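So the structure is just underneath, and the comments pick up after that.
Just so you know, all these numbers are worked out from the coordinates, no wet-lab data involved. Not measured: the values here are computed from a predicted model. Positions of Cβ are backbone-derived with ideal geometry, glycine not excepted, and every protein chain shown enters the neighbour counts.
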Amino acid sequence: MTPASGSRKGRFSTAAAGHLSLMQLVLDRSFAAVPESIGIVRREAVAVYENGGGDPSLTGDVALAVTEATANAIRHAYPHRGDGRMTVRGWFEEGLFIVQVLDRGVGIDTPTRDPGSHLGIALIEQLADAQFAMREGGGTEARLAFPLVADARPAERLAPLPAWTALQLAG
């Protein structure tokens, strides 16, 4: 995966071709790219993180970043049609929980006229080590890495956000 503009280097190593096939997927689902899918994706990702031994103090980060990544796929990938799909995968690797959100939409480099259209990416990058890339054959890949231990968080990240309370209430 090659980073798209605006992405920063993080915890991701350069993986050899076929790297995903070596991973033990603990989350591998396809969803309709509709707003109703956001809560389902968020709950499943958080459950996998918690069941895998993830630090409870970071659960809000996982929930909010995954929410933003799936919302971006829904809002931006398929702007003129409602028949899109997204795939969400997750696995554990070297003390991290990795979440991948994939779509076959217009791609991350497609210009948008939506005001504030890059705020979701900026928020995701504060909550997780993140990379965004165009997919071969079209679409976007968002890859988010969350430490399983709170002390492993990057120093430059922000404190946990109070938005987690709103997400808990929204279900």
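Between Arg43 and Thr87, the simple spin-label model (points 7 angstrom out along Cα→Cβ) gives 2.5 nm.
Full-extension gain between Glu136 and Glu50, please, as 0.36 nm times their residue separation minus the C-alpha to C-alpha distance. Each step should come with its number before you reach the end.
Numbers: separation 86, 0.36 × 86 = 30.96 nm, distance 3.21 nm.
This chain segment gains 27.7 nm when fully extended.
Here the peptides 88-99, 36-47 are ranked by packing, the mean other Cβ count within 10 Å, and the order with the highest first is 88-99, 36-47. Extension gain, Asp28 to Val149: 0.36 nm times the residue separation minus the Cα-Cα distance gives 41.2 nm.
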